């Protein structure tokens with residue numbers, strides 16, 4: 001099953017209480033694609049970079065079987081760059097620098113081979129760009145998931161609601177769910193968001209796990225307890241990659257399948273945060289994932 005990921009491929013520079021990364025590979029599409037590549041092998045990336053983007057980084061994608069023909073390289077321009085500093089409480093971070101560079105003019109044009117993708121993950125981009133990607137597809141994908149943020153709620157409300165009405169799954173954090181819905185209770189917020197179009201709402205809660213809502217059905221999964229969290233930057237996108245990878249592999253859009261996908265997403269995110277950037281995602285094996293899945297399920301299992 002083919003998965004198309006549209007988002008950012010970028011440079012990150014991160015400082016946490018555990019050290020500094022220097023300039024490394026980052027971006028939402030990067031984490032989504034690399035996490036999903038642990039589960040499926042037909043992944044297509046649509047993004048934009050400058051000619052400062054190393055060939056070695058492109059090789060990381062192709063080495064994982066990820067199609068990069070949809071990544072545009074703009075001559076004479078620089079790639080998107082973000083740097084940030086995390087506090088001892090890693091739920092709090094300061095953005096030190098954001099340089100949009102090529103991302104400022106990003107208008108993805110999908111290669112013909114991408115337009116029949118069966119599953120679509122829309123990273124956190126301008127809603128009008130997310131809509132244009134959907135409109136370029138030859139036929140509607142079997143499932144469309146999108147990420148968004150408060151900024152678009154403040155600056156592109158009408159466009160955002162239009163795109164939300166087109167997707168099957170909306171993934172947001174607690175603050176975003178509350179702002180979008182106008183409801184503080186996450187249960188009420190999810191019900192309100194359902195009326196906007198999505199059949200499924202995922203509320204990401206960081207170190208407190210994630211919640212899945214669909215109609216009257218709901219599911220909660222905690223985060224995986226870890227000895228060390230070195231860098232939480234790619235956690236949410238790694239979660240999305242694990243989630244979409246599982247759904248694409250199973251081909252099942254039912255609620256029970258979504259629950260399993262949430263667990264896969266949580267496990268992939270737990271690996272991502274153990275080292276800086278994409279390092280941990282690149283060194284784990286299927287055996288590592290299976291072992292942690294078993295450990296995670298055992299942790300949550302009980303009988304009455």
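Could you tell me how many of the residues in segment 208-229 are within 19 Å of the chain's Cα centre (by Cα) and closer than 9 Å to residue 273 by Cβ?
In the first step, residues of segment 208-229 are kept if they are within 19 Å of the chain's Cα centre (by Cα); the result is 208-213, 220-224, 229.
Okay, now just the ones that are also closer than 9 Å to residue 273 by Cβ, so 229.
Residues flagged as within 19 Å of the chain's Cα centre (by Cα) and closer than 9 Å to residue 273 by Cβ within segment 208-229 amount to 1.
Read through the list (1) farther than 24 Å from residue 1 by Cβ; (2) not in a loop (DSSP other than H, G, I, E, B), then give the number of the only condition that residue 225 fails.
For residue 225, the failing item is (2).
Only residues in segment 275-292 that are farther than 26 Å from residue 14 by Cα count as the first member; pair them with residues that are not in a loop (DSSP other than H, G, I, E, B), Cβ under 7 angstrom, at least 6 apart or cross-chain, and list the lot.
Here the result reads 292/267; 292/270, each pair linking segment 275-292 to a residue that is not in a loop (DSSP other than H, G, I, E, B).
Which residue out of 177, 171 is at pLDDT 95 or above, part of a strand (DSSP E or B) and either under 18 Å from the mean Cα position of the chain (by Cα) or closer than 25 Å to residue 133 by Cβ (or both)?
Just a single option satisfies the conditions, and that option is 171.
Checking residue 297 against (1) out of contact with any strand residue (DSSP E or B) (no Cβ under 8 Å at 6 or more places or on another chain); (2) crowded, with 17+ Cβ neighbours inside 10 Å, only one condition comes out false. Which one?
Unmet for residue 297, out of (1) out of contact with any strand residue (DSSP E or B) (no Cβ under 8 Å at 6 or more places or on another chain); (2) crowded, with 17+ Cβ neighbours inside 10 Å: (2).
So for segment 126-139 (the condition being under 19 Å from residue 33 (Cα atoms), touching a helix residue (DSSP H, G or I) at 6+ places or on another chain (Cβ under 8 Å) and either free of Cβ contacts under 8 Å to residues at least 24 places away in the same chain or part of a helix (DSSP H, G or I) (or both)), does at least one residue qualify?
Checked segment 126-139: at least one residue is under 19 Å from residue 33 (Cα atoms), touching a helix residue (DSSP H, G or I) at 6+ places or on another chain (Cβ under 8 Å) and either free of Cβ contacts under 8 Å to residues at least 24 places away in the same chain or part of a helix (DSSP H, G or I) (or both).
Can you give me the number of residues within segment 180-217 that are farther than 19 Å from residue 146 by Cα and modelled with pLDDT of 95 or more?
7
The values are calculated or read from the model by the stated rules, or taken from the named source; none is laboratory data. All of these numbers come straight from a predicted model, not from anything done at the bench. A quick note on method: Cβ atoms are made from the backbone with ideal geometry, for glycine too, and the neighbour counts reach across all protein chains shown.
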